[in-house]
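Read-outs throughout are calculated quantities, based only on the coordinates presented, and are distinct from any laboratory measurement. Please read all numbers here as calculations on a predicted model, not as lab measurements. Ideal geometry is used to build each Cβ from the backbone, glycine not excepted, and the neighbour counts take in all protein chains shown.
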Amino acid sequence: MRSPSEKLFGWLSLVVVTSNLLLTSSSAVAYESDVHFGLTKWLGLKAGFASHEADAIARGDQQVDSGGPQSIDAVLDYGCALPDVAAAKRVQRAHAPSETSVPAPPAQREVVAGSEAARQEIHRIVKEAKGKEGSMLALFGGAMHVYQDSWSNAGFPTVFDGGEALKCSPELALSHPATRGGPDSHKADLTFEYPNDALEMAKASYVALTGFPNIDGRKRSPATWDRLEPMVRSFVNARTKTEKKAWFVAQGIPDVHFMEGTTLPDGSDTWNVRSKPSLLPELTAQTSQQYDVPQDVGTFFDELIKSWITDDDLDKSLRKYLPSESKSAIEELCARLKLLRMRDHGVAAALVHQRARFSRSDLKRIHSLTRDPSVYVHPASLADAMLPLTPKEAPISPLLPYLVREQPGSNNVPRALAIMRLNHLPYDTVALSAERTRSGWKLLNVVVAVDH
């Protein structure tokens, strides 16, 4: 059991990193919590840090991906619906370090693994830590985050294509490089997809950890990398949550709640829906309270999203929100919304991010995957299902379950987007595109972007 002083130490470290990262944490594509929390903590322990110290570093690392509502920058918003250079800069600093800052063409913004641009925040924190090392651990973890992500994002960023529903800015684009799966894939987030890069990232992380100054004069005795490398290789090659859980348990880390929400398939074990990050405030309203949204638009999205998130018979409950003149469109939209309700996103991810219309064999597989409603998440309410967002352009706004952006449609027909982050899909942003027809608002498209 941790002593009171250790608990206080960890809490103070987290407060320090939170106060800083709430200004900088943001959304992009990169490694997930199995790396940023789990592996970082294990490497910290092997580097000789005390348990509460390694925990503070790991929490600071992971907190970059799970900041507060003021700092969650959704790529479909800042990069597409409402271009926001400041938000894109936050994302680039946190996940895609480059010598050239946004706004700039992707060809000018190469991310180089382990580069000086990726290391500079570590250098700054280590320099500032002298004499106050213990209180800088969480900030050091935050600096580790962008360093690690320089491996997962190595290459030239790509532009997400939202199709007719959403035009995105190349100058702000920060999606995965084409060489690492491109903008419609989680491959770059998964260690087993690029194992040599992940192993190199882990070694560089370990070197950085061993280079942190001693705390209160206490010398650390780190293990040699040669001893750790075979164990790290096993971690890197694990392909499911269950396999990584077994690895962590074998390494003396039995609490693996941080694995919930990762894009790895569940494997043989059944996993719970992840708990919301403790630093995020709770949504209280069951509908959007966005001030500048026309009432009919807000009502449509409120009712559609409630049916989608809470009902089990989606073919029936969603029908009135879909374009009735096209059976194939109804099948397509229902199938995409069903996949997004699945608790095990790792199983569904490839289909979720598929750009082409579903084939008959795709639809048959989706029906098989979602036939049993127990595969769905069952949040108690809309507020329970969503991560809180705030419109960055509004100086004062309530917390929102989703953002509405009005969009120009063809032939001056009004269109609107509802952009959201679902709690069980923390590494994706979803946009529902709707159009006003003679019979009211109808869902046109479901757009999903890999995000952090």
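Here is how the numbers come out for the structure above:
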item	result
Integer Hz, Karplus 6.51/-1.76/1.60 couplings in order for region 371-382, x for Gly and Pro	4, 8, x, 5, 6, 7, 6, 10, x, 5, 7, 4
Folded to 0 to 90 degrees: helix 4-21 orientation relative to the chain principal axis, Cα	50 degrees
Isolated Cys residues of the chain, judged by Cβ distance under 4.7 Å to other cysteines	CYS334
Residue pairs, from the table LYS89/LYS245; LYS89/LYS442; LYS187/LYS338; LYS244/LYS316, whose Cα atoms sit over 28 Å apart	LYS89/LYS245; LYS89/LYS442; LYS244/LYS316
Helix axis angle, 137-152 relative to the chain longest principal axis, alpha carbon, degrees	60 degrees
For region 290-317 versus region 80-120, the gap between their alpha-carbon centres in whole angstrom	35 Å
Radius 13 Å from Cβ of GLY162, net charge of other residues (Lys, Arg +1; Asp, Glu -1)	-1
Between helix 116-128 and the chain: long-axis angle, C-alpha atoms, 0 to 90°, nearest 10	50 degrees
Over region 179-219, volume per residue of the alpha carbon convex hull, in Å³	94 Å³
For region 385-397, 3J(HN,Hα) per residue [Karplus equation, 6.51 cos²θ - 1.76 cosθ + 1.60, θ = phi - 60°, Hz, x = Gly/Pro]	7, 10, 8, x, 10, 9, x, 5, 7, 9, x, 10, 7
Gyration tensor verdict on region 235-361 (Cα atoms; rounded if a/c is under 1.5, prolate if a/b is larger than b/c, oblate otherwise)	oblate
Region 295-450: C-alpha gyration tensor shape, a/c 1.5 cut-off, then a/b vs b/c	oblate
Distant-in-sequence amide H partners of LEU444 (H built 1.01 Å from N, under 5 Å)	SER433, ALA434, GLU435
Estimated D of the chain in µm² per second, where Rh is the Kirkwood radius over Cα pairs and Stokes-Einstein applies at 20 °C, 1.002 mPa s	95 µm²/s
Residues with amide H under 5 Å from that of ASP428, placed H, sequence gap 5 or more	ASP451
Residues TRP247, TRP225, sorted so that the one with the fewest Cβ neighbours within 10 Å comes first	TRP225, TRP247
3J(HN,Hα) from dihedral phi, region 234-239, Karplus parametrisation 6.51/-1.76/1.60, rounded to Hz, x for glycine, proline	5, 4, 4, 7, 5, 10
Fewest-first sequence of LEU351, LEU432 by Cβ atoms within 10 Å of each Cβ	LEU351, LEU432
Amide H within-cut-off set for LEU174, under 5 Å, with H built and near neighbours excluded	PHE160
